[in-house]
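A.B. asks: Let me begin by handing over the structure; questions about it come next.
The values are calculated or read from the model by the stated rules, or taken from the named source; none is laboratory data. Worth saying up front: this structure is predicted, and the values here are computed from it rather than measured. Reconstructed Cβ throughout: ideal geometry from the backbone, glycine too, with neighbour counts over all protein chains shown.
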Amino acid sequence: MNLFEKDLASLNQLAKSAADWCCDFQRDVGGRPVAQLDSPHPPAANLPNLGVGSAAAMERFKQDIAPGLSGSVGPRYLGFVVGGTTPAAMLADWMVSACDQNTALPGDSISCAAELQALDWLRQLFHLPDLFDGVLTTGGTASNILGVLCGRQHAGLQQGIDIARDGLTCADIKFFSATPHASTLKALAIAGLGRNNLTSVACMQDSEAMDTLDLELKLKATKAKGKVVVASAGTVTGTAFDDLRTVAELCRRYDAWLHVDGAFGLFGRLSEDRRPWTDGIELADSIASDAHKWLNVPYDCGIFFTRHPTLLHQVCSVAAPYLDVNSATTSLMDRGIENSRRFRALPVWMSLMAYGREGFKELVEQNCRQAERLALWLEQAAGYKLMTPCNLNVVVFRPRIDDEEIGKWLQALNSTGQVFMTPGIWQGRPAIRAAFSNWRTTDEDVVLICQILDTLTPEQ
Ligand SMILES: *Cc1c(COP(=O)(O)O)cnc(C)c1O
């Protein structure tokens, strides 16, 4: 018996011990340090020549890797917008590995059709019309890249150039955005359009939302033959929402592609009070969002929707004779960046089946309520300043100290091991962000966080 066969022979036992480790990690995550600030490394070692088998490898993992893991799946990790993982999503992710489907082409598995169903459910979750087609991606960045590539293709066709076929040649394309996420700039770099090829649109006063009057001026003034507007449904710091209806009307009038980045802000549509903020999104040409953030599925899983699947197909289509499998179902490799694809739809499918629309609506509302609670506490605390009213799940604040001291203060906060927050910039000044996006976070956690902040109140 070789090592693979030996492992297979004891698979039940191995799987039980891995499952035990997973469940223990999930159960104890609230008690372990929320983040590993010293960026640990595994002990230096060369590639093993002879393997030790899975049981021994698991012991090595517990010894060499596990102690350095972040507690980001736990309740008090408020950095970035990381989300957590629900039990259904975690279990589904295990099953994805066990069945290891290549969710690329229909013809030998149900997995492509299951992804299309998951996308249809997501569309319903977000109250989007069914003229949107979609694909799951590796994240919001990949979804923004697809949006930029589709916009680029559209803008090329407007000037008689099929960029996917013939390259950029001399296409004339300009991008417009007010507060783009860093991943949109990355998308412009990757798309060969250039990070600097972004016309900055002004923001509304004290806000990260687009000033649509300025957008109109800039669209009117440009001589570019192809135009793409990247709008925000929830900016990463101020959670600002562009006025999408007005932006969409301007895009139609000036013949511009409209891509909306709603990585986590799209989930605002789950709560009735907040749905009007994304009014007009149904007119977007493409939308990017994330499932590994607020849907609480494990990394990695992003969402891309477009009303122009033909353009997406032009950008992503794979022409190779050996791939020509006949089937009525859509080929997903022709909709995304990768050809071979993980069955990342299953955690989405299982989560939506397990918890339903109501479950996620509650999750979103719970996190928003918690953010509001923290914001309220900060507003009343003498040593802190709330930088902008909290309307969704992100709280932006700073201790009342000098700009240069903020980094050190944040380090001290995160060193408590009880909570983890990340830096941000608000109106040009350093600030601290606390983002709530995990089903595990309880109201008691918020109380504990306020207590920790209280002990770190700067001297007045
Ligand atoms: C997180 C985020 C992204 C990037 O998404 P990834 O999943 O990290 O690739 C893009 N836009 C916004 C607004 C985000 O919050």
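A.B. asks: In the set ALA155, ALA142, ALA92, ALA104, which member is within 16 Å of the ligand (Cβ to nearest atom) and at negative phi?
C.D. replies: When all the criteria are applied, what remains is ALA142.
A.B. asks: Which pairs do you get when a residue that is within 18 Å of ASN393 (Cα to Cα) and at pLDDT 95 or above, found in segment 446-460, comes within reach of a residue that is assigned to a helix (DSSP H, G or I) and small (Gly, Ala, Ser), reach meaning Cβ atoms under 9 angstrom, with the pair 6+ apart or on two chains?
C.D. replies: Sorted first by the residue in segment 446-460, then by its partner, the pairs are VAL446/ALA371.
A.B. asks: For VAL364, only one of the following conditions fails: (1) over 22 Å from HIS127 (Cα atoms); (2) in contact with a Ser or Thr (Cβ under 7 Å, 6 or more places away or on another chain). What is its number?
C.D. replies: (1)
A.B. asks: Next question. If the Cβ limit is 8 Å and pairs must be 6+ apart or interchain, which residue in segment 106-120 that is in contact (Cβ under 8 Å) with a residue 60 or more places away in the chain and part of a helix (DSSP H, G or I) pairs with which residue that is surrounded by 15 or more Cβ atoms within 10 Å (Cβ to Cβ) and among the acidic types (Asp, Glu)?
C.D. replies: LEU119/ASP133
A.B. asks: Continuing with the same structure: Taking segment 122-137 only, how many residues are part of a helix (DSSP H, G or I) and over 18 Å from the mean Cα position of the chain (by Cα)?
C.D. replies: 1
A.B. asks: Regarding THR306, is this residue buried (at least 23 other Cβ atoms within 10 Å of the Cβ), more than 16 Å from the ligand (Cβ to nearest atom), closer than 23 Å to VAL135 by Cα and over 13 Å from the mean Cα position of the chain (by Cα)?
C.D. replies: yes
A.B. asks: Continuing with this model, one more query. Could you list all residues from segment 208-242 that are more than 16 Å from the ligand (Cβ to nearest atom) and out of contact with any strand residue (DSSP E or B) (no Cβ under 7 Å at 6 or more places or on another chain)?
C.D. replies: Scanning segment 208-242 gives THR212, LEU213, ASP214, GLU216, LEU217, LYS220, ALA221, LYS223, LYS225.
A.B. asks: So, one more: Might you let me know whether segment 56-70 holds any residue that is buried (at least 17 other Cβ atoms within 10 Å of the Cβ) and either closer than 30 Å to ASP443 by Cα or modelled with pLDDT under 95 (or both)?
C.D. replies: Within segment 56-70, one or more residues are buried (at least 17 other Cβ atoms within 10 Å of the Cβ) and either closer than 30 Å to ASP443 by Cα or modelled with pLDDT under 95 (or both).
A.B. asks: Another question, then. It is to be established whether one or more residues within segment 127-138 are of a type outside the set (Lys, Arg), surrounded by fewer than 23 Cβ atoms within 10 Å (Cβ to Cβ) and within 16 Å of the ligand (Cβ to nearest atom).
C.D. replies: Yes.
A.B. asks: Residues that are hydrophobic (A, V, I, L, M, F, W, C) and buried (at least 21 other Cβ atoms within 10 Å of the Cβ): list the strands (runs of 3 or more DSSP E) wholly contained in segment 146-262 that include at least 3 such residues.
C.D. replies: The qualifying strands (runs of 3 or more DSSP E) are 173-177, 226-232, 256-261.
A.B. asks: Might you let me know whether segment 55-69 holds any residue that is among the aromatic types (Phe, Trp, Tyr) and more than 30 Å from GLY356 (Cα to Cα)?
C.D. replies: yes
A.B. asks: Continuing with this model, one more query. Starting from segment 182-199, take each residue that is away from the ligand (no atom under 11 Å from the Cβ) and list its partners that are in a loop (DSSP other than H, G, I, E, B), counting only C-beta distances under 7 angstrom and pairs at least six apart or across chains.
C.D. replies: LEU188/GLY194; LEU188/ARG195; LEU188/ASN197; ALA189/ARG195; GLY192/LEU168; LEU198/PRO180
A.B. asks: Quick check on my filter: what residues within segment 149-178 are under 16 Å from SER317 (Cα atoms) and of a type in the set (A, V, I, L, M)?
C.D. replies: Answer for segment 149-178, where residues must be under 16 Å from SER317 (Cα atoms) and of a type in the set (A, V, I, L, M): LEU149, ILE163, ALA164.
A.B. asks: Working only within segment 264-281, note down all residues that are more than 16 Å from the ligand (Cβ to nearest atom), in contact (Cβ under 8 Å) with a residue 12 or more places away in the chain and over 20 Å from PRO180 (Cα atoms).
C.D. replies: Once the filter is applied, which keeps residues that are more than 16 Å from the ligand (Cβ to nearest atom), in contact (Cβ under 8 Å) with a residue 12 or more places away in the chain and over 20 Å from PRO180 (Cα atoms), segment 264-281 yields LEU270, SER271, ARG275.
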